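Since the structure comes first, as structure tokens, the remarks are kept for the end.
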Amino acid sequence: MKVCHLINSLNRGGAETHLLELVTAQSNSGINVDVIVIGKDDSNIFSIKKEIANNCNKIYRLKGPRMFNLLSYFKLKKIIKENKYDIVHSHQPRSDYMVYIIKKLFFPKKVFKWIVSIHGKYDSYLDNDFKKIFKLYFFNKLVKAWIHSDSVIVISNEVENWLRNHTKEINPYVINYWISLKERKDYKFNSIINIGFLGRLNENKGIEDLIDSLNKLEIDFKFIIGGFGTETYIHFLTQKMNKNVKDKSTFLGYVEDQSKFFDGIDLFVFPSFSEGLGLVLLEAMSYQKICITRNVEPMNQFVNFENGYLFNNNDELTNCIIEASKDLNDEKIYHNKIENTKKVLEIYDIENVFPKILEVYKL
């Protein structure tokens, strides 16, 4: 079987991390895999190009910028025609739409099977600026394009429900990302709690609520913030902090070494309002960290009160942090939560998830 994956860039994010895992698993199972990238990688963000190259046959780069250069369409058509792929698997909106266009113009007959992976609730994360109207127009076109694919994969039940609200003409396959359990360093119980946040710094991620909750805390803690954000927004966040929180906070910027980040925290807080899956939360669990998250889907499907903490408002978030700080110093409670975390992660093990993707390929 010959497969090619099409994606916007190889800057590490949820879709890109999943692609690396998928390409690696497919290559290990004997599938001939290529990757086509439609744009350049951002020099300010960690690229997984080297890791992808080590686990696939070849990486092709199109003639950017992104999907707006006609030469990219002709090069994509040439690559697909010359390699005679059995499956073209696209990830992310621009990539999906490019496959739709070349399939419609150059491959009217079913030369290859087109698989779409939807990695989030795309129209839910748009900034309220002048570009939003154009992005929503494109998104409506994209939904109609997905209807012409052979199969659609969504990463969670939450994304499935979101998709069905936009169209009834697609019956997607729900296949979660898989995540591997990481080795855990022995936890050292101490009086100072290292609280961690990791993710893009914007309003949707709920970090403002976290800061409001930390402002009320009287326990001894440190606050480690990982993730990219604009200087304006980071300044806004620091202005929200009282002096105590500001003195105890560290902004790391974009985090390349996630293992180092998770090794340096005791408690992971993920207060996002809306996610397609919330991969970073699963990653925190894979490092066997106690987690606090907002009581919304899909996060509350894998974090519960047996393995972590859920909150509905800022007062509850403050109380969760206080309760967690006590439980982290209770060896019995701590180990029970870790064992329950491991049980949840079994659902997301590669042995349970990867065969589902192969089944979609064979349909």
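The values are calculated or read from the model by the stated rules, or taken from the named source; none is laboratory data. Not measured: the values here are computed from a predicted model. Positions of Cβ are backbone-derived with ideal geometry, glycine not excepted, and every protein chain shown enters the neighbour counts.
One table, with the values for the structure above:
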item: Close pairs (7 angstrom Cβ cut-off, 6 or more residues apart or separate chains): surrounded by 19 or more Cβ atoms within 10 Å (Cβ to Cβ) in segment 273-289, acidic (Asp, Glu) anywhere; result: Gly276/Glu158
item: So Ser9, is it without any contact (Cβ under 8 Å) to a residue 12 or more places away in the chain and not β-branched (Val, Ile, Thr); result: no
item: Residue that is modelled with the lowest pLDDT [pool: residues in segment 50-66 that are touching a Lys or Arg at 6+ places or on another chain (Cβ under 7 Å) and more than 30 Å from Gly226 (Cβ to Cβ)]; result: Lys63
item: Trp178 being part of a loop (DSSP other than H, G, I, E, B) and buried (at least 17 other Cβ atoms within 10 Å of the Cβ); result: yes
item: Flag if Lys205 is over 30 Å from Val360 (Cβ atoms), touching a residue at least 60 places away in the same chain (Cβ under 8 Å) and basic (Lys, Arg); result: yes
item: Selection from segment 121-133 of residues that are of a type outside the set (Ser, Thr, Tyr), part of a helix (DSSP H, G or I) and modelled with pLDDT of 75 or more; result: Asp123
item: Condition broken by Phe197, with the remaining ones in (1) under 15 Å from the mean Cα position of the chain (by Cα); (2) crowded, with 19+ Cβ neighbours inside 10 Å; (3) not in a strand (DSSP E or B) satisfied; result: (3)
item: Test: residue in segment 93-108 that is over 22 Å from the mean Cα position of the chain (by Cα), in a strand (DSSP E or B) and touching a residue at least 40 places away in the same chain (Cβ under 8 Å); result: no
item: Residues of segment 214-232 satisfying the condition of being exposed (fewer than 15 other Cβ atoms within 10 Å of the Cβ) and under 19 Å from Asn204 (Cβ atoms); result: Thr230, Glu231, Thr232
item: Test: Ser43 is without any contact (Cβ under 8 Å) to a residue 12 or more places away in the chain and either in a strand (DSSP E or B) or more than 24 Å from Asp86 (Cβ to Cβ) (or both); result: yes
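Conditions tested, residue by residue: (1) hydroxyl-bearing (Ser, Thr, Tyr); (2) within 25 Å of the chain's Cα centre (by Cα); (3) surrounded by 17 or more Cβ atoms within 10 Å (Cβ to Cβ); (4) farther than 18 Å from Ile153 by Cα.
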position	(1), (2), (3), (4)
Glu323	no, no, no, yes
Asp330	no, no, no, yes
Ile333	no, no, no, yes
Val353	no, yes, yes, no
Tyr361	yes, yes, yes, no
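So that you can scan it fast, the table gives a plain yes or no per residue for (1) within 28 Å of Gly276 (Cα to Cα); (2) at pLDDT below 95; (3) surrounded by 14 or more Cβ atoms within 10 Å (Cβ to Cβ); (4) in contact with a Lys or Arg (Cβ under 6 Å, 6 or more places away or on another chain):
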site	(1), (2), (3), (4)
Lys40	yes, yes, yes, no
Ile48	yes, yes, yes, yes
Leu70	no, yes, no, no
Tyr85	no, no, yes, yes
Ser90	yes, no, yes, no
Met98	yes, yes, yes, no
Leu105	no, yes, no, no
